[in-house]
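Throughout, read-outs are computed from the coordinates displayed, never taken from laboratory work. Just so you know, these numbers come straight off a predicted model, no measurement behind them. With ideal geometry, Cβ positions are generated from the backbone for all residues, glycine too; neighbour counts draw on all protein chains shown.
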Amino acid sequence: MYYSRRNPWAGGPRVIQAFCDWLSNTPVSLKIQTVLWIIPAVQTIHILSVSFVMASMAMLDLRLMGIAGKRQAVSSMVERFVPWVWRVLLILIATGAILIVGEPGRELLNWAFRTKMAMVATVSLITLFVQNRNTRDAAFWETHRIAAAMVGAVSLLLWVAIVTAGRWIAYV
Amino acid sequence: MSILRLCTWLEGTQVAGAIRESTWLFPTIETIHVLSIVLVVGSIAMFDLRLLGLASRDRSVSEVYDDVMPWTCVSFVCAVIAGGLLFSSSATKYYANVPFRLKMLTLLLAGINTAYFELWTRRGIAAWDRAADTPRAAKLAGGISLVLWIVVVACGRWIGFTK
């Protein structure tokens, strides 16, 4: 709507297109579309939330890979950061939902958005796994160095890809 | 030479032209800019929250500082380089853009706040390094920094809607 480069209704199964048509005409959606400051404000909160998650996960992932922050135990980093990631993820989902309600086609019919969601689901499972192993055995990620490095690398790549896909929603 | 003349010259360079004409260069550089900003804001927020006594209270201020600073510095440099390239592609338009000007002003204020903290407040750090409750000057520095960086992100987003 604001700066999509092409028709946002163009890509996706008919049922989703029909859903987007219906949703974009509801009073709440029209409100979000027409009140000028809602979408930029909600996007700003979304970006600030991503900042929080990205910074802490980047630090944790580089620690898992053994590249940075070796002064801290992996276990204490997991315990400090991961619970907050889940809480902030709720804010990300809430702000994301508002953006989707405001401009359904821009997201739901966009392959960059769908890819981003698949990656968010994947990295959430990985993070859950990291947390779970750590809870059972606080020394797990210190003793299984190679697994830690692989998990850290995949997680970091996913987060970078998620932010990239998020920005590219506006361009594809 | 006025700033406007400088912007016009910048826009006319080959690099600026290449970014303007390409379909993928601007989005790619913008993505790097966003990734860098995300890391700057996220890492600074960690330190600010420690200064405010709201997070990592079991760790000394210096420890958090040492963990966070490399991230903040490196990502800030990347953000500035990427931002400079983005700016050059439509320098005169950005220069006249209100939220852009506001963003630059806010960055300047954030820089001043940081400099003040570095040069003055941090001097007495040995006395409150391990305290969960930091002195008022430290709390102010952390609080002001958080607010300013939130404004920077908001202005940055606003540019995209008005350019």
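Quick notes
- Taking the criterion of being surrounded by fewer than 18 Cβ atoms within 10 Å (Cβ to Cβ) and farther than 16 Å from B:Ser145 by Cα, the only residue of region B:28-55 that qualifies is B:Thr28.
- Boolean, B:Thr106 is buried (at least 18 other Cβ atoms within 10 Å of the Cβ), assigned to a helix (DSSP H, G or I) and in contact (Cβ under 8 Å) with a residue 12 or more places away in the chain: yes
- Residues (under 24 Å from B:Arg123 (Cα atoms) and within 12 Å of chain A (Cβ to nearest Cβ)) located in region B:42-52: B:Ser43, B:Ile44, B:Ala45, B:Met46, B:Phe47, B:Asp48, B:Leu49, B:Arg50
- Within region B:109-149, considering residues that are within 14 Å of chain A (Cβ to nearest Cβ) and in contact (Cβ under 8 Å) with a residue 40 or more places away in the chain, the one surrounded by the most Cβ atoms within 10 Å (Cβ to Cβ): B:Trp149
- The single residue among B:Ala55, B:Ala82 that is farther than 30 Å from B:Thr121 by Cβ and either more than 9 Å from every other protein chain (Cβ to nearest Cβ) or not in a helix (DSSP H, G or I) (or both) turns out to be B:Ala82.
- Of all residues in region A:142-170 being of a type outside the set (A, V, I, L, M) and more than 18 Å from A:Phe129 (Cβ to Cβ), the one that is farthest from the chain's Cα centre (by Cα): A:Trp168
- Region A:63-109 - residue that is away from chain B (no Cβ under 14 Å) and in a loop (DSSP other than H, G, I, E, B) and, of those, surrounded by the fewest Cβ atoms within 10 Å (Cβ to Cβ): A:Gly66
- Hits in region A:155-172 - residues which are closer than 16 Å to A:Ser51 by Cα, aliphatic (A, V, I, L, M) and facing chain B (nearest Cβ under 9 Å): A:Val160, A:Val163
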